[in-house]
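Structure record follows, encoded as structure tokens.
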Amino acid sequence: MTADTAFFQSFDVTTTPAQGVSNVAALRAQMKTQGLDGFIVPHEDEHQNEYLPDANERLAWVSGFTGSAGAAIIFMDRAVLFADGRYTLQSREQTDPSVFSVEDFHAGSLTDAVATARSGSVIGYDPRLLSPEHVGRLEAAARGAGVTLKAVSPNPIDLAWGAARPAQPMAKIVPQPLDYAGKASADKRAEIAKTLKSHGITAALITAPSSLAWLFNIRGGDVIRSPLPLGQTILKNDGSAELFIEPAKISEGLLEWLGNEVSVKGPDEVEASLQAFKGQSVLIDGQLSSAYWMQAIRDAGATPIAADDPCLLPRACKNAVEIAGTKAAHIRDGALLSTFLYWVATEAQEKPFSEIEIAQKLESIRRSASDLKDLSFDTISGFGPHGALPHYKVNVQSDIKTGQGNLLLVDSGAQFMDGTTDVTRTIAIGEPSAEHRRMFTLVLKGHIALATVKFPAGTVGTQLDAFARQFLWAEGFDYDHGTGHGVGVYLGVHEGPQRISKALNKYALQPGMIVSNEPGYYKSGDYGIRIENLQFVTEPSVPEGGERPMLGFENLTWAPIDRNLIEVAMLSEAERLYMDLYHARVLELVGPLVSPEVRAWLQEACAPL
């Protein structure tokens with residue numbers, strides 16, 4: 001197979017290290033005209049997106065680095081790129097060391113850079129790209145260092161990029177039918193408005209694309225791999241709203257779908273609309289919105305109230321219709337994934353295939369489903385040493401072929417109108433080693449522990465993270481990514497606020513929340529292992545013989561786990577029973593949806609241990 005425009009995923013190399021030389025020089029010229037000694041470049045855009053439209057890939061433009069987590073600070077005499085640990089190798093390969101030094105990215109990276117800048121220097125930032133909380137931390141660091149932090153407009157990168165910068169996306173916004181949404185927009189708005197009113201808040205300025213999509217039961221196409229519309233809304237405490245979107249995005253029937261209580265305006269009218277709230281309070285999320293909008297509320301004479309986006313928790317706690325829809329989507333996707341795994345277990349065992357060919361094979365199988373809307377993220381197809389890079393993204397330059405005696409890691413997902421999937425399977429190519437089996441089984445034991453855990457109301461993901469790591473820890477191993485992230489329903493594959501990781505998280509897990517369960521192990525330069533299913537939090541119930549109600553998880557993902565990699569002797573009786581029951585359920589749900597030859601293989605792949 002070769003690259004084809006029919007595929008969603010491209011494997012082209014879109015940046016080069018050399019562009020950092022010319023683009024940093026062009027940026028510095030613009031910085032000089034704005035009186036700046038330094039300029040902060042976050043990865044996020046005006047909507048705090050993780051995945052960006054091409055027009056908003058400012059960090060990639062200036063540095064060549066295309067990872068989804070990082071930042072840079074450009075001074076007149078030096079430049080520093082901060083890259084998340086997942087992208088350590090990639091960040092060094094994609095940047096020119098004569099221009100950029102590369103350092104580890106963490107929450108305080110930019111703050112530390114400002115705090116250690118030369119006293120008297122002026123460091124600029126685009127207030128549309130940083131949250132109010134982040135700007136507050138930067139301002140404190142600047143004061144301590146004798147540095148001036150200056151909000152600038154226009155963004156000097158946009159000026160340097162000039163006419164070559166891609167146009168902003170203008171994808172049509174369409175209704176998300178009630179059969180999938182499960183709750184009318186008017187009902188959602190009324191409930192949130194009631195909460196606003198009870199706290200004495202007049203309105204909320206909401207800028208997160210996922211919140212707009214959920215609140216108004218709409219979907220768009222402005223963000224790659226996620227059906228998100230870019231815009232803003234002002235939701236008033238009487239349930240009415242103003243929705244600010246580009247007129248070109250309005251599809252036929254959209255205004256009727258939104259109804260009379262929602263007025264649609266252009267994105268350049270937000271500031272004018274805020275004037276109506278002079279002397280009143282307007283809620284804004286201090287983490288998910290931008291400092292620009294916080295200041296716009298103040299400039300309008302209103303009082304900004306920094307609090308969570310009011311859609312955050314209601315969106316995370318899926319209703320019964322959404323849960324039923326995502327269950328159905330996962331079963332259909334499980335059949336597609338099982339068909340792919342059959343191919344890996346047969347044809348891909350007999351001759352080598354490239355990582356790109358493997359990713360394209362999986363996408364071609366998924367595209368056979370008429371209801372597929374998109375991938376939920378670009379497929380991670382990593383063989384051997386590339387599997388040891390947790391967020392490896394194959395391209396035409398990095399592509400390698402499979403070979404006997406090592407592991408293939410494939411992390412992939414799909415977007416359907418009734419659900420978003422995300423699943424990782426690790427498969428042996430040829431005969432796995434005893435080490436492969438041992439490490440895979442340690443990861444599997446942690447996966448089972450997190451799938452079967454019971455916990456009381458009020459438990460946060462941080463408290464559950466060790467369940468998935470305990471068996472690795474006991475043997476002296478660990479992995480450097482989170483264990484679980486939230487997932488939307490035909491929305492983003494990474495959704496908050498819930499998370500299962502070592503990092504502290506203040507949001508308790510609640511019924512209806514979807515999280516991934518994805519422990520792993522990565523041996524640098526050799527192989528990687530990850531086992532990922534999605535699961536959702538169930539309603540509390542008292543376990544048999546118990547006294548107190550407990551929440552738990554119900555599995556969503558149904559696809560076989562490679563039995564050739566399981567060291568059965570390392571599993572407890574309860575763990576073996578779990579695997580047998582899981583595989584029996586895979587066969588029951590997925591078996592009827594696949595071809596006879598895949599079903600025959602599935603019976604073997606799902607046989608009791």
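The values are calculated or read from the model by the stated rules, or taken from the named source; none is laboratory data. All values derive from a computational prediction rather than experimental measurement. Don't worry about glycine lacking a Cβ; one is built from the backbone with ideal geometry, like all the others, and counts go over all protein chains shown. SASA here: full protein model, heavy atoms, side chains in, ligands and nucleic acids out. Shrake-Rupley method; radii C 1.70, N 1.55, O 1.52, S 1.80 Å.
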*Provide, for the range 272-427, the number of lysine pairs with alpha carbons under 27 Å apart, each pair being eight or more places apart or on different chains.*
12
*Measure out, as a whole number of angstrom, how far apart the alpha-carbon centroids of the range 166-233 and the range 455-499 sit.*
27
*Could you give me the percent of Cα pairs per 10 Å distance bin for the range 7-119, shortest bin first, beginning at zero and ending with the bin that holds the maximum distance?*
14, 47, 33, 5, 1, 0
*In degrees, nearest ten, helix 596-605 long axis to first principal axis of the chain (Cα)*: 80
*Using a 1.4 Å probe over the heavy atoms of the protein chains, calculate the carbon and sulfur portion of the accessible area of the range 199-285 as a whole percent.*
50
_Correct choice for volume of the Cα convex hull per residue in Å³ that was computed from the model, options [x] 162; [y] 148; [z] 204_ = [x]
*Based on DSSP, what percent of beta bridges with both residues in the chain are antiparallel, to the nearest 5?*
70
*Tell me, what ³J(HN,Hα) does each residue in the range 28-39 have, in order and in whole Hz, if you take phi through Karplus 6.51 cos²θ - 1.76 cosθ + 1.60 with θ = phi - 60° and put x for Gly and Pro?*
4, 5, 5, 4, 4, 5, 9, x, 10, 9, x, 8
*Starting from the amide H of VAL460, placed 1.01 Å from N in the peptide plane, find each other amide H under 5 Å away whose residue is 5 or more places distant or on another chain.*
LEU509
_Virtual spin-label span in nm between LYS183 and ALA248, 7 Å along Cα→Cβ_ = 3.5
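Would you mind counting up the charge near SER101? Only other residues with Cβ under 14 Å from its Cβ, with Lys and Arg at +1 and Asp and Glu at -1.
-3
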*In whole angstrom, how far apart do the alpha carbon centroids of the range 324-342 and the range 82-106 sit?*
36
_Integer Hz, Karplus 6.51/-1.76/1.60 couplings in order for the range 542-548, x for Gly and Pro_ = 7, x, 4, x, x, 10, 10
*asked:* Amide H of ARG128 versus every other amide H placed in the peptide plane: which residues, excluding those fewer than 5 positions away on the same chain, fall under 5 Å?
replied: TYR292
_All aspartates and glutamates inside 19 Å of LYS506 as judged from Cα atoms, apart from same-chain residues fewer than 8 positions distant_ = GLU133, ASP285, ASP308, ASP309, ASP465, GLU495
*Using the heavy atoms of the protein chains and a 1.4 angstrom probe, tell me the accessible area per residue for the range 105-204 in square angstrom.*
48
*By how many degrees, 0 to 90 and rounded to 10, does the Cα axis of helix 132-145 deviate from the longest principal axis of the chain?*
70
_Spin-label pair ALA55/ASN319, simplified geometry with 7 Å Cα→Cβ offset, distance in nm_ = 3.3
*Any idea how many Lys pairs in the range 125-244 come in under 28 angstrom at the alpha carbon, given 8 or more places apart or on separate chains?*
10
*Out of residues 5 or more away from ARG219 or on other chains, whose amide H comes under 5 Å of its own, with H placed 1.01 Å from N in the peptide plane?*
VAL174, GLN176
*Among the lysines, which have Cα under 21 Å from the Cα of LYS502 when same-chain residues fewer than 8 positions away are ignored?*
LYS445, LYS454, LYS523
*Calculate one ³J(HN,Hα) per residue across the range 458-474 by plugging θ = phi - 60° into the Karplus curve 6.51 cos²θ - 1.76 cosθ + 1.60, and present them in order as whole Hz with x for glycine and proline.*
x, 6, 9, x, 4, 6, 9, 4, 5, 4, 7, 9, 4, 6, 5, 4, 4
*How many nm separate the modelled label positions at ASP526 and GLU573, each set 7 Å beyond the Cα in the direction of the Cβ?*
3.4
*Determine the per residue accessible area of the range 22-90 with all protein chains present and a 1.4 angstrom probe, expressed in square angstrom.*
31
*Length-normalised contact order for the range 468-609 - Cα pairs under 8 Å, 6+ apart - percent*: 14
*Mind ordering 196-203, 389-396 by average Cβ neighbours within 10 Å, highest first?*
389-396, 196-203
*asked:* Quick check: the distance between the Cα centres of the range 536-595 and the range 235-309, to the nearest angstrom?
replied: 44
